[in-house]
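A.B. asks: Once you've had a glance at the structure underneath, I'll fire off some questions.
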Amino acid sequence: MLLISCPHCGPRDEHEFAYGHEAHIARPTLDQQNTMSDAEWADYLFMRKNPKGVHFERWVHARGCRQWFNVARHTVTHEIIKVYPMGEPAPKLEQK
Amino acid sequence: MAEAYTRRSALQHFGLTAAAAKSDVAGAEIVIGESAHRAIVNIRGNSSDAAFIAAVKSVTGVDLPVKPNTTAQSGAFRVLWLGPAEWWVVTTGGTEEKLVADLRQAFAGQHAAVVDVSESRTVITISGASARDVLARGCSLDLHPRAFGPGQCAQTGLTKANILLDQTDATPSFDIYVLKSFGDYLWQWFWLIGRDYKFAIKAQ
Amino acid sequence: MSAQKNRVATGGRIDRSKPIRFTFDGKTYYGYEGDSLASALLANGVTLVGRSFKYHRPRGIISAGPEEPNALIEVGTGARREPNTRAPQIELYDGLVTASQNRWPSLDFDLGAVNSVMSRFLPSGFYYKTFKWPKDGWLFYEKFIRRMAGLGTGSQETDPDRYDKLYAHCDVMVVGAGPAGLAAALAAGRAGARVVLVDEQSELGGSLLSERERTIDGKPAAEWVATASAELASMPEVRVLTRTTAFAYLDANMLSCVERLTDHIGPSATGPRQRLWRIRAKEVILAAGSIERPLVYSDNDRPGCMLASAARTYVNRYGATPGQRVVIMTNNDTAYQTALDLTAAGVSVAAIVDLRANPTGALAQAARAKGIEIIENSAIIHVKGTKQVREVDVQSLTSDGKGVTGSVRHLYCDTVLSSGGWQPTVHLHSQTRAKVVWDDGIQAFVPGPIMPGQNNRSVGSARGAFGLNEALNEGHNAGAEAAAKFGFSNVTGNAPSAEAEPESQPLRSLWIVPSNVPVGQGGKHFVDYQNDVTAADVQLAHREGYVSVEHLKRYTTMGMATDQGKTSNVNALAIMAGLKNVSIPEVGTTTFRPPYTPVTFGVFAGSDKGDFLDPIRKTPIHQWHAEHGAPFECVGQWHRAWYYPKAGEDMHAAVNREVKATRDSVGIVDASTLGKIDIQGPDAAWFLNMVYTNAWTKLEPGKCRYGFMCGEDGMVFDDGVTSRISENHFHMTTTTGGAPRVMSWLEEWHQCEWPDKKVYFTSVTEQWAVFALNGPNSRKVLEKVVADIDLSEEAFPFMTWRDCTVAGVKARIYRISFTGELSYEVNIPPSYALHVWRALMTAGEEFSITPYGTEALHVLRAEKGFVIVGQETDGTMTPQDLGFEWIIGKAKPDFIGRRSHLRSDTKRPDRKHLVGLLTENPNDVLAEGAQVVEHVKDKPPMTMIGHVTSSYYSPNAGRSIAMAVIKNGRNRMGQTVYLPYEGKVIAAKISKPTFLEDGAPANG
């Protein structure tokens, strides 16, 4: 069971959290929505990365403070490399 | 309001008063009970705004606990940290309407919110030398005195219910705030786990 | 009491003054307190304890620990019968009932043993090769094969025991209480750290419990263990768990451990049987010891063949000898200690056969001095005897060790002990996905670098440091360092110390001990006893092109089943490496996965069963529903009253009555489970505009509006009525099941996408109990208990709300309807819910007010064509598909899902539409989920054009009604379609999805 450091509450067991989805997928602006093709919109909606390595993802402390935050997690080792707040860009990390 | 006798606590149907009368609280390893009908008011606001902190203090006398998972008390008012912009003000039951009104007035002009949630929760109290052992059956938090103590609170899970856990003294004693719909489940869970301990029911 | 012929007179950790009676295969035996089942059987001279998995060969006890591959026992009777329990790990208690497995009709005479004679026809992959054709052949063969195969049989009855589980936390967790683990726990404990020490055995000490002569800090080992145990027990922050197996090393230093609380007491015990510990440590010290490897020699599975170290444990710890006359074969020095210990116990050691030439280590010399014959550079080439070893043949090895030469010696013996070197117990290290690396010096895999975040260190023989002093030193240092990491640096005392190790010589690896006939002919060289995998099977796998260890494992089943190859993995890898002529690490290693040893299912469940499997959420008047006979329907975790049968009524009659009474007069339903969210802030209306498809800006305070929420994919996600309380304050309702999902949806969009918007969301689902009065007389009922507001249509119109008091209780009433009837949703504080409900029932008496449950609620809404999200929708329906084109805010620039409604696929005119279905026979009630076809064929496949989403009998329409989603449905009005299911075909006509004459939705 993962131990995730909520940016507010500190380390808590995985079962207190809910996984959202890949982080840093910006919602297209209205202008972009109105000019982008169906294929581009589908890409925003459905296409997600599935790396073997560091994955940037969004979690919420569902059973705790209910705050969303970003996590850089290694999908092979399960190591949580970094926890960082919403709105902050993905950190530059050495690929392990 | 209707006559008081028409009001029921979430766990009243378990016959807690009668059970408490028969309980040996002094010889118990854990003592559990229901502390019903507390006034619980959810407040939201910006804790980096001095005006917000001042407003809370003006109504409750409490210095807003801005450190995560802590509580602060002043007189009858206890303020519990729920999130970076969310707290509960807990006080004597029956005063919630006035508290909501006072807080709304104090927050006038700020982006803040006040919501009465008194009726949504009941409180199960657990106290005694084995209280931590019992909670460890369903709670993954480290409640060892080196890690958790009076003045700390946490929203977490207890078995499969979501709770807010507030340690009220070093006995240790805990207040467990739980949605009323989960009240039967959680109370019966305590009975289930408690059978391996000497446990007593405490009257409210 | 029968004599225990293989029990030595004195010594060991058993209590000869406390005899214990037990049975094995129906026969009564006696052992002593402190015995394991294995030691007691050996003491009684019982060496045949089971039959092998595939060939049904007679088998005896191989080991003295969890690695046991052969002696798998059924323990207990009736509901408590547990199969595949390892005899060395079963503690005796009075009345223990045990039985051998995998034999019929008896252990001594087993019909399945014909497989042994037929073994040349049962090679590796036999089942795969033979039963895979014809195509469906396996389905036919399987039931016969299953009967023959498999190990023990579990009880079919409900487990009568209960189980406990809990969480625990510590700074330092130590796995294994041998010398290294004890030293680690002492050091960390003395420093003041919070320590958990677990060991699977009944007492602390590990390998020290099997020592005869070693001393630590000047005391006999056992005495030192007792002192250390007492000191640990005196430390308040040290928790010592015996009979506890750390079976899984999970993420972030969480170890799952099972503590066996009553298995050594038996059914008379009270309290939980076992306890699951989920221990989150900051640092883990792995001191799990090592496991001896058997040598792979011809017919090495005959009862009486055993690991050399196991014999040592049996004689030193349990005072039980494996036999009377022993031959030992070894490739290293440790087996010499066994010879010395057996000799000291009066057992005759016929000879030590050493694969090495010229053994001159200190122990070898000590053995020689005791007069034990050492036959060097030689091998056991045959083991004679079927149910018991009778004799072995010994021959000299050729210089390359691949063959034998010279004259054959015959040695009479009843026991053959072997030692093929030691493999560190790297299982927990490996479970973290960390690699193991090959150490040429000790010819074994040792732990490699740890995984990030998995803070552990292996010490002592678990990392290949086999010396006692090394173990004590490493353990002490690890314990001290780990404690210091967490601020506990004041370690008192030095590392315990033992006398120097006897000087030893390196081992000689002969992964297959040769015979005078080729491997695979004559006797069998077993590699994996439990799965009956031989060296010849590994050779066959190699010949057939299975190149990797993972292939080998799956092809031969080597390393599978209850022992997970604890004694076989390295031997198999090494044999494969030899065949491929590569180094052992080049073949690879197997990855160990949890559990280390089998774990009872019950302990995972703990108390989470029955009513505690999933929480039951109850409404404030749950008791009233129960008292009035209502069965409950599960809606998520909620239990909602389903219907209220009166005497003599079945469900159909009760629902019909409730539905009719509501339309004719007045009904009342407990709708407290409805999700409710308080929304406040200057951007509240803006936010609603984004999450709902329709517009909210112009909704006036005091008014309510219905809305659909869509996902960004444009599909309906939830629906409900939201009311404006004041300019910046709204009250949203959601579906019962969708409430938590909608709450987190709002938070996610706010926190992640639009954090600058000023709005707060608070769940108030349980702040309000909700009772909905429905029906033409609902206003008349309410008027009797509401005095402070005007309830008339003019003063309190549809889709508005008012604050008032109901039966003296402060309330908020919403004039919204889910039945199409005149309706009031009365919201009151839950602590007054029963009072208000009773008041409404009393007020309604003169109108025959009828409480109705969720079933009637469904029928009532379906009669008017109201959809239920999650029933009419399944994540592929847009509001437009449901016929709600009008609810899409055309003037709004943006809302979640808008862009998706413009996709070519969502704009298709022939998508699946929500329609009604009227069966030709009005009494046919369609099955929900039934598939709709245009053209019926004799049998599937048929082209399916949709399915039934809701179906009921409507007493108000006087016929069955159904809703369905059908491809291009709105353009098929009046068309007859067919529903073939359960051997019949029902014809139905497509209609609008409203079934009463004034069928416009959302009015009342």
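A.B. asks: Within the set of pairs 6+ apart or on separate chains, which have a first residue in region B:25-51 that is of a type in the set (S, T, N, Q), a second that is at pLDDT below 95, and C-beta atoms under 8 Å apart?
C.D. replies: That search, which allows pairs on different chains as well, returns B:S35/B:Q204.
A.B. asks: Sticking with this one: Residues C:I828, C:I813: which one is away from chain B (no Cβ under 14 Å), β-branched (V, I, T) and either surrounded by fewer than 22 Cβ atoms within 10 Å (Cβ to Cβ) or in contact with a helix residue (DSSP H, G or I) (Cβ under 8 Å, 6 or more places away or on another chain) (or both)?
C.D. replies: C:I813
One line per residue, one yes/no per condition, for (1) of a type in the set (A, V, I, L, M); (2) in a strand (DSSP E or B); (3) modelled with pLDDT under 95:
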site: C:I813; (1), (2), (3): yes, yes, no
site: C:N827; (1), (2), (3): no, yes, no
site: C:T842; (1), (2), (3): no, no, no
site: C:E872; (1), (2), (3): no, no, no
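A.B. asks: Any residue at all in region B:57-67 that's within 14 Å of another protein chain (Cβ to nearest Cβ), within 27 Å of B:A203 (Cα to Cα) and surrounded by 19 or more Cβ atoms within 10 Å (Cβ to Cβ)?
C.D. replies: Checking region B:57-67: not a single residue is within 14 Å of another protein chain (Cβ to nearest Cβ), within 27 Å of B:A203 (Cα to Cα) and surrounded by 19 or more Cβ atoms within 10 Å (Cβ to Cβ).
A.B. asks: Just to check your reading of the model, which residue among C:G681, C:G738 is modelled with pLDDT under 95 and crowded, with 18+ Cβ neighbours inside 10 Å?
C.D. replies: Every option except C:G738 fails the conditions.
A.B. asks: Which condition number does A:Y44 fail, the rest of (1) more than 30 Å from B:C153 (Cβ to Cβ); (2) surrounded by fewer than 16 Cβ atoms within 10 Å (Cβ to Cβ); (3) not polar (S, T, N, Q) being met?
C.D. replies: Going through the list (1) more than 30 Å from B:C153 (Cβ to Cβ); (2) surrounded by fewer than 16 Cβ atoms within 10 Å (Cβ to Cβ); (3) not polar (S, T, N, Q), A:Y44 breaks only (2).
A.B. asks: Please indicate, with yes or no, whether at least one residue in region C:757-768 is of a type in the set (K, R), over 30 Å from B:R121 (Cβ atoms) and not in a strand (DSSP E or B).
C.D. replies: no
A.B. asks: Looking at (1) more than 26 Å from C:E223 (Cβ to Cβ); (2) in contact (Cβ under 8 Å) with a residue 12 or more places away in the chain, which one does C:Y318 not meet, given that it meets all the others?
C.D. replies: (1)
A.B. asks: Quickly run through region C:1-42 and pick out the residues that are touching a strand residue (DSSP E or B) at 6+ places or on another chain (Cβ under 7 Å) and more than 28 Å from C:D110 (Cβ to Cβ).
C.D. replies: Across region C:1-42, the qualifying residues are C:M1, C:R7, C:I14, C:D15, C:R16, C:K18, C:P19, C:I20, C:Y32, C:E33, C:G34.
A.B. asks: Now, a different point. C:T736 passes all but one of (1) of a type outside the set (G, A, S); (2) touching a strand residue (DSSP E or B) at 6+ places or on another chain (Cβ under 6 Å); (3) within 14 Å of chain B (Cβ to nearest Cβ); (4) farther than 20 Å from C:L857 by Cα; which number fails?
C.D. replies: (4)
A.B. asks: Quick check, is B:W191 modelled with pLDDT under 95 and part of a helix (DSSP H, G or I)?
C.D. replies: Spelling it out, B:W191 is indeed modelled with pLDDT under 95 and part of a helix (DSSP H, G or I).
A.B. asks: For region C:942-1000, which residues satisfy the criterion of being in contact with a helix residue (DSSP H, G or I) (Cβ under 9 Å, 6 or more places away or on another chain), aromatic (F, W, Y) and assigned to a strand (DSSP E or B)?
C.D. replies: C:Y952, C:Y953
A.B. asks: When only residues in region C:565-607 that are free of Cβ contacts under 8 Å to residues at least 60 places away in the same chain and in a loop (DSSP other than H, G, I, E, B) count, which is farthest from C:A434 (Cα to Cα)?
C.D. replies: Looking at the filtered set, the residue picked out is C:N581.
A.B. asks: Can you pull out the residues in region A:1-22 that are more than 9 Å from chain C (Cβ to nearest Cβ), closer than 17 Å to C:C752 by Cβ and of a type outside the set (D, E, K, R)?
C.D. replies: A:C6, A:P7, A:H8, A:F17, A:Y19, A:H21
A.B. asks: Which residues, counting only those in region C:367-391, are among the β-branched types (V, I, T) and surrounded by fewer than 16 Cβ atoms within 10 Å (Cβ to Cβ)?
C.D. replies: C:T386
A.B. asks: Taking the conditions exactly as written (of a type outside the set (S, T, Y) and either touching a Lys or Arg at 6+ places or on another chain (Cβ under 9 Å) or modelled with pLDDT of 95 or more (or both)), does C:G448 satisfy them or not? Write out each step before concluding.
C.D. replies: Numbers: of a type outside the set (S, T, Y): yes; either touching a Lys or Arg at 6+ places or on another chain (Cβ under 9 Å) or modelled with pLDDT of 95 or more (or both): yes.
Criteria met by C:G448.
A.B. asks: While we're here: Output the residues belonging to region B:74-94 that are touching a residue at least 40 places away in the same chain (Cβ under 8 Å) and more than 16 Å from the chain's Cα centre (by Cα).
C.D. replies: B:A85
A.B. asks: Same structure again: Tell me which residues, restricted to region A:38-82, are closer than 22 Å to B:N69 by Cα and either out of contact with any strand residue (DSSP E or B) (no Cβ under 7 Å at 6 or more places or on another chain) or within 14 Å of chain B (Cβ to nearest Cβ) (or both).
C.D. replies: Result: A:V60, A:H61, A:A62, A:R63, A:G64, A:C65, A:R66, A:Q67, A:W68, A:F69.
A.B. asks: Further question on the same structure: Filtering region B:1-50 down to residues that are polar (S, T, N, Q) and more than 22 Å from B:F174 (Cα to Cα), which residue is surrounded by the fewest Cβ atoms within 10 Å (Cβ to Cβ)?
C.D. replies: Restricting to residues being polar (S, T, N, Q) and more than 22 Å from B:F174 (Cα to Cα), the top hit is B:S48.
A.B. asks: Please go through region C:48-62 and give me each residue that is of a type in the set (G, A, S) and touching a Ser or Thr at 6+ places or on another chain (Cβ under 7 Å), ordered by number.
C.D. replies: C:G50, C:G60
A.B. asks: Moving on to the next point. Counting only residues that are surrounded by 18 or more Cβ atoms within 10 Å (Cβ to Cβ) and outside any loop (DSSP other than H, G, I, E, B), how many does region C:902-911 have?
C.D. replies: Matching residues across region C:902-911 total 1.
A.B. asks: Hey, another quick one. Condition (residue is modelled with pLDDT of 95 or more and either more than 14 Å from chain C (Cβ to nearest Cβ) or under 24 Å from B:A39 (Cα atoms) (or both)) applied to region B:127-134: is it met by at least one residue?
C.D. replies: The answer is yes; a qualifying residue exists.
A.B. asks: Sticking with this structure for a sec: Contact list please: Cβ distance under 7 Å, first residue in region C:1-30 and buried (at least 18 other Cβ atoms within 10 Å of the Cβ), second residue of a type in the set (K, R), pairs at least six apart or on different chains.
C.D. replies: From residues that are buried (at least 18 other Cβ atoms within 10 Å of the Cβ), the pairs are C:G12/C:R317; C:R13/C:R317; C:Y30/C:R21.
A.B. asks: Go through region C:758-809 and give me each residue that's crowded, with 21+ Cβ neighbours inside 10 Å, away from every other protein chain (no Cβ under 13 Å) and either closer than 27 Å to B:I43 by Cβ or within 49 Å of the chain's Cα centre (by Cα) (or both).
C.D. replies: C:F771, C:A772, C:L773, C:N774, C:W801
A.B. asks: Take the residues in region B:145-177 that are more than 10 Å from every other protein chain (Cβ to nearest Cβ) and among the β-branched types (V, I, T); name whichever of them is nearest to C:H622 (Cα to Cα).
C.D. replies: So the residue we want is B:I176.
The values are calculated or read from the model by the stated rules, or taken from the named source; none is laboratory data. Note that the structure is a prediction, hence the values are computed from the model and not measured. Heads up, the Cβs are rebuilt from the backbone with ideal geometry, glycines too, and the neighbour counts pull from every protein chain shown.
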